[in-house]
Structures are given as C-alpha cells and as structure tokens.
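Heads up, the thing below is written out as structure tokens.
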Amino acid sequence: MTRHFRLLSDLAASELHALIDRAIVLKATRHEHARPLAGRCLAMVFQKSSTRTRVSFEVAMLQLGGHALFLSPRDTQLGRGEPLADTARVLSSMCDGIMVRNDSQAELEEIAQHSRVPVINGLTDRTHPCQLLADIQTFVELRGPIAGRRVAWIGDGNNVCNSFLEAARLFDFQLAVACPKGFEPDPDWLAFAGSHAEIDEDPAVAARDADLIVTDVWASMGQEDEQADRLSAFDGYQVNGALMKLAKADALFMHCLPAHRGEEVTAEVIDGPQSVVWAEAENRMHAQKALLELLLSP
Ligand code: CP
Ligand code: NVA
C-alpha cells in the first residue's frame, strides 16, 4: 500500500520519534551520508508561494542523490484546468513522490487517492505537518524530549496551529492556545488533541510557564483581503518581551516564517536570544530528508 504524509498521523508515534532522531543524524552528516534516492524524482506541485518548503525539499532530494521538479500552475496544465486526478496519475507514473502545496486539504486527498506514489503535504489551508517535524526537531535538539512540556500558541488558529494540536497528542505535550473569538483552530483538531490542548482568549494565560512560545502571521496566504480587519482583531496578541517574560526563563520562541515584525511578533523577540527561528527553518530540510528517506527509498 502506498504510504502518504497528508497529516502527521499518517505515521505512528514511534515512527515520528524515529524520524526526528534520524533527522538529527542526517543533519550531522549532511554531506557524507548515503544517497538512497539516487535516480529518484520528487514532483513538487506549488499552487501557493514558498521559500523554505521549496528550497528545503529541493536541496533534500539533491543531498539524498535524487532530483526534484518545481511545478507551478503558471507552467503546467493544472493552471489551465487539467483535473487533479489526471495530473496525479501522470506525475505518479514518472515520479517517485509528489509534494503538494495547495489551498485545500480535500484536493490533497484527491491527489493521494489517484497517486501510485507517496504524496506529501507541503501545506494546505488546514494543516502544515512538515513544519511540525522541523519544530519538534528544533525543540528536541535544544531542550531534549518535548513530552510533558508546555507549548503556547498565540494568535491565529490557522493551519500551523491545527498541526500543533495534532502534534500535541502524538508527541505528548500540552498545547495552550490563545486566540481571539472567531479565530479558533478547527474543532476537529481540538477534539483530536483532547486533554493535550487548552484554549483561552487571554495570551497571558497561555504563555505562563511555557517552555516554548509559537506564533504565525495574522493573515495567511489567501487571506490578504482580510489583512486590515485581522490587524484589529489580533490587537493584544503580539508576542513581545512582556509576554515572553511570563514563560519559563529558558523558554524558546518559534515562528514558521515568513514573519511580520511589529505585527504578530516584535523585532526584539524574533531577533532576540530566545528565538530559534533560523534553526527551525534549516531543520525543515533535515526533517524532510528523514521523511523522504522513509517514504521514497526503494
Ligand atoms: N514555513 C514555510 O512553510 O515557509 P515557506 O512558505 O517559505 O515555504
Ligand atoms: N499560516 C501561514 C503559514 C506559511 C508557512 C500561511 O498559510 O500562509
């Protein structure tokens, strides 16, 4: 059966833990390790912009001995309305994996249904599981196991927040979400996290005693028209020095990037000593190498 990575829970918790350990080894041996994907090709279907996801998958495939194809709607027949199912059939007849970044989790499912090779979620409107692999790796490298720790999500209950809820249960940490009314994460993901999640409107409640504070932009890709309304809705949800002081003294700060300094986070925090955003971005590549090795190796 073809294994996909549409969600974190497409892998068992034990596989996720092994994958993080493997990512740390691959990082330490980045130019010396074996090339298990020699001759293999990853199709990368991007229907939204990307810097980190594109570069990390492309360099990951190169370092594993394989190749990656960047496919944008501007240059493929997808942009002219060729059905997703037909595209999936054709790409999977020539490539060994398909990474997809698109607007819709349902469309990702449709591609997976018609693909004979693994399909990897490179971000949808609902989830961003590859980001969580990098975030967990970063925490583990710097602070040890994340199980039993307290993580605070401040701001929009968006795609990355939903994946944090999924991760809370799979990696056994506590996620305190603080978001304004009307911007809560998906109820399904809150239900999945169960006792691993708590939600409050007050950022101070979530941040108190946290081991890690995380935020993301207030207007995600596709929500550009809502930017002005969102700026006022999220007033009071900025991660700043005062909020960081409520967390543990050695708390880390993460942001998946790109960031808007002066909106969801101050420059003082994101460019300050508790911020690990650059390691987090780099770990996208190492964690995805471990994922590609698992899913695409012969
Ligand atoms: N964090 C992340 O997914 O970044 P990109 O949008 O640049 O890929
Ligand atoms: N929530 C953001 C994440 C970008 C990596 C978005 O979807 O635009």
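Placing a pseudo-label 7 Å from each Cα along the Cα-to-Cβ vector at Met94 and Leu142 gives an inter-label distance of 4.2 nm.
Using C-alpha pairs under 8 Å with a sequence gap of at least 6, the mean separation divided by the residue count of region 159-298 gives a relative contact order of 20 percent. Relative contact order of the chain: 20 percent, from C-alpha pairs under 8 Å at least 6 residues apart in sequence. Within region 63-98, whose backbone N sits under 16 Å from a point 7 Å along Cα→Cβ of Arg35? Of the residues in region 63-98, 63-68 have backbone N under 16 Å from the label point off Arg35. Between Val59 and His260, the contour length at 0.36 nm per residue exceeds the Cα-Cα span by 69.7 nm.
In this Cβ point-charge picture (+1 for Lys and Arg, -1 for Asp and Glu), region 131-248 has a dipole of about 620 debye about its Cα centre. Projecting the Cα atoms of Pro258, Ile213, Gly122 onto the charge dipole of the chain (Cβ charges, centred on the Cα centre) puts Gly122 farthest toward the positive pole. The value for region 106-229 of Rg(Cα) / (2.2 N^0.38 Å) is 1.09. One decimal place: the segment Lys181-Met221 gains 12.3 nm when fully extended, by the rule 0.36 nm per residue minus the C-alpha distance. Per residue, the chain exposes an accessible area of 41 Å² to a 1.4 Å probe, with every protein chain left in place.
From the largest down, the chain spans 53, 42, 33 angstrom on the principal axes of its Cα atoms. Relative protection proxy for 119-130, 276-287, from highest mean packing down: 119-130, 276-287 (other beta-carbon atoms within 10 angstrom). Packing here is the average count of other Cβ atoms within 10 Å per residue, and on that basis the peptides 263-273, 89-99, 31-41, highest first, run 89-99, 263-273, 31-41. Note on the chain: helix-only mean residue ellipticity at 222 nm, from DSSP H runs of 4+ residues weighted -39500 (n - 2.57) and normalised by residue number, equals -12500 deg cm²/dmol. Quick check on my link table: of Lys181/Lys289; Lys27/Lys181; Lys181/Lys248, which ones sit more than 32 Å apart, alpha carbon to alpha carbon? Going by Cα-Cα distance, Lys181/Lys289; Lys27/Lys181 fall outside the 32 Å limit. Once you list every other residue whose beta carbon is under 15 Å from the beta carbon of Arg149, what net charge do they have if Lys and Arg are +1 and Asp and Glu are -1? Charge balance near Arg149 sits at -2. Remark: spin-label model distance Asp188-Thr51 equals 3.2 nm, labels positioned 7 Å along the Cα→Cβ axis.
Quick one, what does Rg over Rh come out to for region 153-298 if you take C-alpha atoms and the Kirkwood Rh? With Rg and the Kirkwood Rh in hand, the quotient comes to 0.97. On the basis of the beta-carbon distance and an R0 of 25 Å, Asp103 and Asp75 show a calculated FRET efficiency of 0.85.
A cut-off under 12 angstrom between Cβ atoms defines the neighbours of Thr2, and their net charge, with Lys, Arg +1 and Asp, Glu -1, is +1.
Counting only other residues whose beta carbon sits under 15 Å from that of Asp202, what net charge do I get with K and R as +1, D and E as -1?
-4
Listed peptides 148-160, 44-56, 73-85 appear in the order 148-160, 44-56, 73-85 once ranked by packing, highest mean of other Cβ atoms within 10 Å at the front. Entry note: region 19-166 has Rg to Rh equal to 0.99, where both radii use alpha-carbon atoms and Rh is the Kirkwood radius.
Expressed as a whole percent, the accessible surface of the chain that belongs to carbon and sulfur atoms is 52, based on a 1.4 Å probe. Please work out the C-alpha center-to-center distance from region 195-230 to region 1-60 and express it in whole Å. Cα centres, region 195-230 to region 1-60: 27 Å.
The values are calculated or read from the model by the stated rules, or taken from the named source; none is laboratory data. The model shown is predicted, which means the values in this text are computed figures rather than measured ones. Every residue, glycine among them, receives a Cβ derived from its backbone with ideal geometry; neighbour counts consider all protein chains shown. The protein model used for the area step is the full one, side chains on, heavy atoms only, and it has no ligands, DNA or RNA in it. Shrake-Rupley method; radii C 1.70, N 1.55, O 1.52, S 1.80 Å.
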